[in-house]
Amino acid sequence: MNDCILISGGAGFIGSHVVRLFVTKYPETLILNVDKLTYAGNLKNLSDIENRKNYKFLKADIVDPEEMKRIIRENKVTGIIHLAAESHVDRSISDPFTFAKTNVLGTLSLLAAAKEFWETLPEKYEDKLFYHVSTDEVYGALEITTPEGGQAPFRTSASSENNVAYGTDFFVEETKYDPHSPYSASKASSDHFVRAYHDTYGLPTIITNCSNNYGPYQFPEKLIPLFINNILNNKPLPVYGKGENVRDWLYVEDHARAIDLIFHKGKPGETYNIGGFNEWRNIDLIKTIIKTVDRLTGKPEGSSNHLITFVTDRPGHDMRYAIDSRKLQRELGWEPSLQFEEGIEKTVKWYLDNPEWVNEITSGNYQQYYEQMYKNR
Ligand code: NAD
Ligand code: TYD
């Protein structure tokens, strides 16, 4: 093998799509998946590629700096794509310490391990890259200035047919960080450490901040898979507040393709925003999910609308996220491949076709956690 790319969090939702893409596309590169296998990590996400000769899995905790140093040294790692994190805002509200530990200390320990190993090499940082996967949530929240959605100024192939924008401002790479949830605060802090390693030690780093992802293998605690699963099981759909919050949705494989492009063609030291100009108010998105699930299960469209249940709002609930990804489009020619309505259809079909994956992951433990979370509200 020529190179070794360490992908942290490769057994999670986005990580598994990145691992699959890299293992398939780069047969001469060893893809090393380092994952602790928390509740969110599942090796079944990768069962189709686990026997490939350029794939290796190591169960390890990124928070352990000595373990990270050993793994990076022993495998002669040449590049890192860092996705491992605690990723769910609601969990961060009940358990902020775990988020600080994994997201901040875990990132720091990977940075330190990469620096230490690469500095021992004769060529040092040449052809090395630490790619940090972050979120648009670090930028805080945008206002909704057009409640029904105004004309969207930009489109991509991911934009919905009825693409609208709920405000005139968007997150750009220069937007000042203003995180509100413990999750986004921990991701913002990890981004700062990545920049500090670049500016202080010259470590070649790239940060990307992506909007909300959806697609196969997403753990059913996040909005889209949770609601698909609940509709299929005739369970209530807990809509926070009035359902007016806006999120900007991107199909996960388009995120993975963006990561591939930026990893290979992006400029070290730079930040790129990733998003498809595809804003949706939660309540409208939920009605679209309901229609799609109803249609694909042979029911009249909208017959599951009665499951919609408005519940107490999430504390500190960010109103609107909207990414401006024109830098990535302009500089590297990235364009999402899938239009939103197609992506939702594909996603719902995947969850319908994989009930055993969902059943296994929504185990008793997970349900208990979920019920407890609501009790504490
Ligand atoms: P996920 O929760 O599905 O997966 C996280 C993975 O990290 C799991 O496999 C888990 O086992 C692993 N992990 C957690 N703690 C670890 C530790 N201490 N050591 C090693 N592995 C550990 O998350 P995701 O949704 O796939 O997100 C991946 C990354 O992308 C995160 O950094 C997240 O902040 C970022 N991101 C996510 C979204 C989104 O919409 N999901 C959007 C933008 C950015
Ligand atoms: P989520 O999928 O948790 O992503 P994030 O909070 O990172 O954007 O939530 C997406 C939106 O859906 C967010 O505005 C919160 C809302 N939401 C609900 O209304 N009900 C739910 O049960 C969940 C999980 C989310």
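The values are calculated or read from the model by the stated rules, or taken from the named source; none is laboratory data. Remember, it's a predicted structure, so these values are computed and weren't measured experimentally. Every residue, glycine among them, receives a Cβ derived from its backbone with ideal geometry; neighbour counts consider all protein chains shown. These area figures cover heavy atoms from the full protein model, side chains too; ligands, DNA and RNA do not enter into them. Shrake-Rupley method; radii C 1.70, N 1.55, O 1.52, S 1.80 Å.
Over the chain, what is the percentage of antiparallel beta bridges among all DSSP beta bridges, to the nearest 5? Can you show the working numbers first?
On the way: 6 of 44 bridges.
Bridges in the chain are about 15 percent antiparallel.
Region 95-136 gives an Rg/Rh value of 1.11, both radii derived from C-alpha positions and Rh following Kirkwood.
In the distance distribution for region 4-76, Cα-Cα pairs more than 18 Å apart total 32 percent. Radius of gyration over Kirkwood radius for region 306-363, both on Cα atoms: the Rg/Rh ratio is 1.11. Computed from point charges on the beta carbon alone (+1 for Lys and Arg, -1 for Asp and Glu), the dipole magnitude for the chain about its Cα centre is near 500 Debye.
With Cα atoms as the point set, region 66-111 shows a radius of gyration and Dmax of 12.8, 38 Å. Taking only the C-alpha atoms of region 241-370, the Rg (one decimal) and the largest Cα-Cα distance, Dmax (whole number), read 17.8, 52 Å.
Distance distribution P(r), region 220-278, all Cα-Cα pairs, bin width 5 angstrom from 0: 4, 14, 17, 17, 15, 12, 10, 7, 4, 1 percent. Here the chain exposes an accessible surface that is 51 percent carbon and sulfur, computed with a 1.4 Å probe and the other protein chains kept in place.
Please report the orientation-averaged projected area of region 1-128, defined via the convex hull of its C-alpha atoms, in nm². Over all viewing directions, region 1-128 projects a mean Cα-hull area of 7.6 nm².
Hey, got the dipole for region 172-270? About the Cα centre, +1 on K and R Cβ, -1 on D and E Cβ, debye to the nearest 20? Could the numbers behind the result be given before it?
On the way: 10 positive and 12 negative charges, 51 e Å.
For this selection, approximately 240 debye.
Using a simple spin-label model with points 7 Å from Cα along the Cα→Cβ vector, what separation in nm is obtained for Glu335 and Thr24? Result for the modelled spin labels: 2.1 nm. For a straight C-alpha distance cut-off of 18 angstrom, the lysines reachable from Lys25 (same-chain residues fewer than eight places away being disregarded) are Lys53, Lys56, Lys265. Taking a straight Cα-Cα cut-off under 18 Å and skipping sequence neighbours fewer than 8 places away in the same chain, the lysines within cross-link reach of Lys115 are Lys69, Lys76, Lys124, Lys128. If each Cα of region 186-306 is one equal point scatterer, what is log10 of I(q)/I(0) from the Debye formula at q = 0.09, 0.15, 0.19 Å⁻¹? The calculated log intensity ratios at q = 0.09, 0.15, 0.19 Å⁻¹ are -0.37, -0.80, -1.05. Under a 10 Å cutoff between Cα atoms, tell me which one of Glu148, Glu253, Glu279 has the largest fluctuation in the Gaussian network model of the chain. Among Glu148, Glu253, Glu279, the largest GNM mean-square fluctuation belongs to Glu148.
Accessible area per residue for the chain, computed on protein heavy atoms with a 1.4 Å probe, is 42 Å².
Where the only charges are on Cβ atoms (+1 Lys, Arg; -1 Asp, Glu), what is the dipole of region 1-90 about its Cα centre, to the nearest 20 debye? Mind showing how you got there, number by number?
Working: 12 positive and 12 negative charges, 73 e Å.
The dipole magnitude comes to about 360 debye.
Considering only Cα atoms, the convex hull volume of region 121-265 works out to 158 Å³ per residue. Per residue, the convex hull around the alpha carbon atoms of region 35-108 comes to 100 Å³.
Given only helices, namely DSSP H runs of n ≥ 4 each adding -39500 (n - 2.57), what is the per-residue ellipticity at 222 nm of the chain, to the nearest 500 deg cm²/dmol? Intermediate results must be reported in sequence, preceding the final value.
Details: 13 runs with 147 residues, N = 377.
About -12000 deg cm²/dmol.
Gyration tensor analysis over the Cα atoms of region 71-158 returns equivalent ellipsoid semi-axes of 36, 20, 9 Å (largest first, whole Å). Panel values: region 275-322, Kirkwood radius from alpha carbon pairs, Stokes-Einstein at 25 °C and 0.890 mPa s, translational diffusion coefficient 194 µm²/s. Pairs spanning more than 22 Å between alpha-carbon atoms, out of Lys101/Lys242; Lys44/Lys222; Lys287/Lys346: Lys101/Lys242. Computed from label points 7 Å out along Cα-Cβ, the spacing between Asn162 and Leu37 is 4.5 nm.
Net charge around Thr205, counting only other residues with Cβ within less than 12 Å of its Cβ (Lys, Arg = +1; Asp, Glu = -1)?
Values: positive: Lys115, Lys128, Arg195, Lys267; negative: Asp191, Asp199, Glu270.
Here the count lands on +1.
Wrap a convex hull around the Cα atoms of the chain, take a quarter of its surface area, and give that in square nanometres.
On the way: hull surface 70.3 nm².
For the chain, the mean projected area of the Cα convex hull comes to 17.6 nm².
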